[in-house]
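Here the structure comes first, spelled out in structure tokens, and everything after it is commentary.
Where a number appears in this text, it was derived from the coordinates with a stated rule and is not lab data. Here the structure is a predicted model, which is why all the values come from computation and not from measurement. When we count neighbours, we look across all protein chains shown, and the Cβ atoms used for this are built from the backbone with ideal geometry, even at glycine.
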Amino acid sequence: MITENTKIAVIGAGPAGLTAAYQLTKHTPNVDLYELSPYVGGMCRTFELWGSKVDVGPHRFFSYDQRVNKIWLEVAQNDYDMVKRLTRIYYNNRFFAYPLKPFNAFANLGPFETVNCIFSYLKEKVSPTPLKNDFETWVIRRFGKRLYEIFFKTYSEKLWGIPCHELDSDFAAQRIKKLSLSEAIKNAFAKSGNHKTLVDEFAYPLHGTGMIYERMAQAIRTRGGKIFLKTPVQKILTQNRQVKGLQLVDGTQKEYDYIISSMPLTQLTQRLDEAPDDIKAKASQLTYRNTIIVYLNIESNCLFPDNWLYIHSEKLKTGRITNFNNWLPSLIGNPERTILALEYWCYEIDEIWKSPDEVLINIAQEDIRNTGLIKGANILDGYVLRIPKCYPVYKAGYKEILKPIEKYLATIQNLYPIGRYGAFKYNNQDHSILMGLLAAENIIHDACHNLWEINTDYDTYQESVIITKTGLQKKS
């Protein structure tokens, strides 16, 4: 419970950390927020590039959770609009609906490949592939082997850098748990589907995704909270499994009663003096995937209508291409040009991570020309952004490693790991916002929310509502 003398530290100024600090400063100014980078927003940052505003990759905010939507609207006010969602799979020089729509997919694949897909799917109905708790068998069992090979295998292996049989089934269970070929066929004949990824419209800030988090930061400062940018935290200080404070990289130590941490879980665990060696050893076995985003300035204003495309071709190195001209007009500086963002995923040991910017720009230019998407348009400029530790890797068996770490950290009084990095969960914005909200409630109201239970597949909502142009509306 907060008193006038309570001191709170929040580590990380991404959606989770900022939301926690934003809520806490409504009750006390004694909140210090520490951020490693020079910016707030984390992966949801917006920045100016070539006269336009761009995000760090595509960010679609959508939630059915009333608590999450209320806080988003509180910050956005009326400065948002609704964006029509169009995201497709680009494979074999053709566009496929995403999520898959059987008639569209089969029309693009042609009769021979369609027969292969249907036969493969029916085979699974008659003699299902045994589940091995991995992504590969999970998806094959749902869609059949041929559809898995075309629409899931290549993209997933680009993203994670490991074979799909080494990827835990959790990734599939969280991202496509309710989608199957039979449901897709049923949705094709219905007016709308009920699968979460089928949402075809979402609320988006007029000045980019980062607008929400910049406003949260401003509110924190206005209320008396402090934000320290370019200030990395070296370790969290504990005594008898209770938070005592933190130490900065420069050696400075500060006392705190509570600490909310969204620093990578691996770093947090390694930097706890009291953590047993076996817990630290387990933390060292968890890995994160890095992202390189190459932005290209194209001398054309009519390339393709999608917000972003999933690239399933093995011949192309990029895995996703975002078209920032297809979001809101308020973001576009020069309407005669288009900014595309090509994503490349890697580990720190990979050669591409260490490559000079000019090499990466050349790779992106070659990729985009090989897609045929820009035809003969000129590429005027390129810009490279590297983001370390973006995605927690759900390698098969990771839960057996993670569970003891979670159990140990839960015994440290007044320490709350949250967010994609901090909880080692493949969060979207809404999941991270909810974790920040509930972490703040644990401190403000002595609530007993188990933050480890909040995952990307959570289904329990106080009341199912969505954001529309006129505000909150009950989900029909």
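List of remarks:
- Nearest-ten-degree value, helix 15-24 long axis tilted from longest Cα axis of the chain: 40
- Share of pairwise Cα separations in segment 288-392, more than 25 Å, in percent: 18
- 14 Å Cα-Cα reach of LYS254 towards aspartates and glutamates, excluding residues that sit fewer than 8 places from it in its own chain: ASP32
- For the pair segment 100-147 and segment 226-281, the centres of their Cα atoms are 47 angstrom apart.
- Modelled this way, with points 7 Å down the Cα-to-C-beta line, the labels at ASP273 and LEU73 are 4.8 nm from one another.
- Taking the C-alpha atoms only, the angle from helix 357-371 to the longest principal axis of the chain is near 30 degrees.
- Spin-label model distance (nm) - ARG221 vs GLN242, 7 Å beyond Cα toward Cβ: 3.6
- 0 to 90° range, to nearest 10: angle between helix 66-76 axis and the chain longest Cα axis: 80
- Segment 288-392: relative contact order as a whole-number percent, Cα under 8 Å and 6+ apart: 46
- Under 22 Å from LYS282, Cα to Cα: lysines that are on another chain or at least 8 residues apart: LYS235, LYS389, LYS395, LYS399, LYS403, LYS407, LYS425
- Exposure proxy shown here: for GLU74, GLU343, the number of other Cβ atoms within 10 Å sets the order, fewest to most, as GLU74, GLU343.
- The slack in the chain from LYS315 to GLU336, taken as 0.36 nm per residue of separation less the alpha-carbon distance, amounts to 4.6 nm.
- Residues ASP200, ASP257, ranked from the fewest to the most other C-beta atoms within 10 Å, line up as ASP200, ASP257.
- Label point at LYS375 placed 7 Å out along Cα→Cβ; residues across segment 73-94 whose backbone nitrogen lies under 18 Å: 93-94
- Extension gain for MET1 to LYS84 (0.36 nm times residue separation, less C-alpha to C-alpha distance): 25.6 nm.
- D by Stokes-Einstein for segment 357-476, Kirkwood Rh over Cα pairs, 25 °C, 0.890 mPa s: 133 µm²/s.
- Under the combined filter of DSSP loop state and at most 16 neighbouring Cβ atoms within 10 Å, segment 92-167 retains these trypsin sites (Lys or Arg not before Pro): LYS132.
- Our summary gives the chain a relative contact order of 26 percent, counting only alpha carbon pairs under 8 angstrom and 6 or more residues apart.
- Global form of the chain, assessed from the alpha-carbon gyration tensor, a/c cut-off 1.5: prolate
- Of VAL75, VAL54, VAL83, the sequence from fewest to most neighbouring Cβ atoms within 10 angstrom is VAL83, VAL75, VAL54.
- The gain in end-to-end length when the HIS165 to LEU229 segment is fully stretched comes to 19.0 nm, 0.36 nm per residue minus the alpha carbon separation.
- Qualifying trypsin sites (Lys or Arg not before Pro) in segment 359-450, DSSP loop, other Cβ atoms within 10 Å at most 16: LYS375
- Placing pseudo-labels 7 Å out from each Cα toward the beta carbon at TYR347 and PHE47 gives an inter-label distance of 2.7 nm.
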